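Report on the structure given below.
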Amino acid sequence: MTPTAATARPDLPELPLEAWEPTKTTLHLWAQIVGKVKLAATAPRNHWWNVPLYLDVRGLTTRRLHHGQVSFQIDFDFVDHRLVVRTNGGQQGSFPLQDGLSVAGFDRQLHRLLERLGVDVAIREDPYGVPMTTPFPADIEHAAYHPEYVRRFWQVLDWVDGVLEEFSGWYCGKQSPVHLFWHGFDLAVTRFSGRRAPARDGADPVTVEAYFHEVISFGFWAGDDTMREPAFYSYTAPDLPGLADQPLRPAAAAWRQVYGGSMALLGYDQLRAAHDPRSTLLGFLQSADDTGVRTAGWDRQELTSSFCPSPAELQALYQRVTAPSRTLRPGTNSTGRPPPARA
């Protein structure tokens, strides 16, 4: 809990959805194509943990994939703005990420590159779980790419990833990695009680696999058609009566009833305005976790890591969370609308 250079005040950029929404939509669809290649080139894991993307020092990565005897990796390089594929045989190829590259063009170039490297796989060429429905090979509408806003997005993800990793160290039960789901384009980490959840009547197979255990999930969402500003979120599943009556920290955080359940939300711009963004985010995550643990009856003592701050340290953290906020420039408020639930 002692501040270090790594925990100094971050330079969190403005990320208003309206300024880069066409780029975000295009990037989201590109990520779905890469994610579906990963789905086809990895063995299945519980809760779909084989399909997300991960942060690395230059952008997003699939990590290692397999095709026959060849291992390969696909990276979104947001430093040089290129899509890069490398194999364990020393082969590699890339193409530029640039404005005007449509979803169809990205799909075509990626499959050509994979084929040249001997690792191409067939995928279902349709967007999943998003309003856009045009098959990837036919989508010439979405072709925006603004390098500066992609860099900002990656900068935010990089910082959030670090805080979520720190928060993950406070828990010793079953827990997901910190990963980016290309379904919702949210960076998330999920904790599990170890108990099976009640079956969800009428749920599709993806949802059934995601939520067959009791979970408390946390993440960052950059906004979409429904949620017009970026926000941090947490939810407990299954949802329980009284959950939304529990207190949250900081005071700017609030509960919303969305997607059939209760979701805790803290606007990204509210966090940017905080005196201590890291402590504010950790306080929000811990308070949301506390509400879920109490309401769902999880065994707090059994699931708390030896690295978790002591009660006195947590109280000091909450005091830092209540410190006065800075003033942001006009036009940067968060609406606090909710992101969709992720597991």
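The values are calculated or read from the model by the stated rules, or taken from the named source; none is laboratory data. Not measured: the values here are computed from a predicted model. Heads up, the Cβs are rebuilt from the backbone with ideal geometry, glycines too, and the neighbour counts pull from every protein chain shown.
A compact table of results
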item: Matching residues, the range 140-170, being outside any helix (DSSP H, G or I), in contact with an Asp or Glu (Cβ under 8 Å, 6 or more places away or on another chain) and not small (G, A, S); result: Y145, H146
item: All positions within the range 270-313 that are touching a residue at least 40 places away in the same chain (Cβ under 8 Å) and among the hydroxyl-bearing types (S, T, Y); result: S279, T280, S287, T291, T295, T304, S305, S306
item: Strands (runs of 3 or more DSSP E) (entirely within the range 201-273) containing at least 1 residues that are acidic (D, E); result: 213-221
item: Lone qualifier among R86, R58, R63 - being modelled with pLDDT of 95 or more and closer than 30 Å to V215 by Cα; result: R63
item: The range 215-237, residues that are touching a strand residue (DSSP E or B) at 6+ places or on another chain (Cβ under 7 Å) and modelled with pLDDT under 90; result: M227, A237
item: Identity of the residue in the range 269-317, surrounded by fewer than 18 Cβ atoms within 10 Å (Cβ to Cβ) and basic (K, R), that ends up modelled with the lowest pLDDT; result: R300
item: Pick from the range 78-132, criterion of a type in the set (S, T, N, Q) and farther than 22 Å from V150 by Cα, ranking: surrounded by the fewest Cβ atoms within 10 Å (Cβ to Cβ); result: N88
item: V51 vs. criteria in contact (Cβ under 8 Å) with a residue 60 or more places away in the chain and either surrounded by 18 or more Cβ atoms within 10 Å (Cβ to Cβ) or not in a loop (DSSP other than H, G, I, E, B) (or both); result: yes
item: Top-ranked residue of the range 240-255 - restricted to ones that are in contact with a Gly (Cβ under 8 Å, 6 or more places away or on another chain) and surrounded by 18 or more Cβ atoms within 10 Å (Cβ to Cβ), ranked as nearest to H213 (Cα to Cα); result: L243
item: Residue in the range 109-119 that is out of contact with any helix residue (DSSP H, G or I) (no Cβ under 9 Å at 6 or more places or on another chain) and either of a type in the set (S, T, N, Q) or not assigned by TED's automatic domain parsing to the domain that holds R45 (or both) present; result: yes
item: Search result, residues across the range 169-198 that are surrounded by fewer than 20 Cβ atoms within 10 Å (Cβ to Cβ), within 19 Å of the chain's Cα centre (by Cα) and free of Cβ contacts under 8 Å to residues at least 40 places away in the same chain; result: K174, Q175
